[in-house]
């Protein structure tokens, strides 16, 4: 008479093993599905999360040469993290249209008051002012660059006497001039206009010398 299958029966052991494999397989699929769902949910949250608030600043769309007034189509407003906004940044295009950059700008540059021709050029430097100055030699424009420190010399046309009227004046801007110049009036073809940052006393000396003498420059040693 056949013996009943016991716990050590091969068929019973094989059945248990198959059941265990099915349970483990189902458990693994369930865990994998839960992990996949969590990853997808996290990705959706990251995509839909609002961007961190920024500060609107005016930037230039493309490269801009120095000395030419800015036009509206050269400007755009971008949102920039507050920590990256420079001091005295220009915040509205209306505050930049028609103004002249003190030097060339590359695409994406954030405009600042200190980088535009106007009162902002000498801000942050106590006792310094910006003075429009006409130099007698137009060739100067090919030698001097924005940021250079120069000495300004005044030559009396009657006596030929030469006097230094400004020392280490910083070139704040070199505006381009067309049809009479940026400040109006007649301009000799050999003259060139530069904006110089000088001390208050030197600004008076420059103004007096400009009325009676021809101004030239000397590039001092560093």
* Any residue in region 33-54 that is modelled with pLDDT of 85 or more and farther than 14 Å from residue 107 by Cα? -> no
* Asked: Is it the case that residue 106 is within 14 Å of the chain's Cα centre (by Cα), modelled with pLDDT of 75 or more and surrounded by fewer than 12 Cβ atoms within 10 Å (Cβ to Cβ)?
  -> yes
* **Of all residues making up region 83-103, the number that are over 14 Å from the mean Cα position of the chain (by Cα) and part of a helix (DSSP H, G or I)** => 3
* Structure fact -> When every residue in region 86-95 that is modelled with pLDDT of 90 or more and in contact with a helix residue (DSSP H, G or I) (Cβ under 7 Å, 6 or more places away or on another chain) is compared, the one surrounded by the most Cβ atoms within 10 Å (Cβ to Cβ) is 90
* Structure fact -> Checking 141, 166 in turn, the sole residue that is more than 25 Å from the chain's Cα centre (by Cα) and either more than 26 Å from residue 58 (Cα to Cα) or modelled with pLDDT of 90 or more (or both) turns out to be 166
* Could you list all residues from region 57-85 that are surrounded by 14 or more Cβ atoms within 10 Å (Cβ to Cβ) and free of Cβ contacts under 8 Å to residues at least 60 places away in the same chain? => 57, 58, 59, 60, 64, 69, 70, 74, 75, 80, 85
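The values are calculated or read from the model by the stated rules, or taken from the named source; none is laboratory data. Note that the structure is predicted; figures quoted are calculated from it, not measured. Counting neighbours? That spans all protein chains shown, and the Cβs are built from the backbone with ideal geometry, glycine included.
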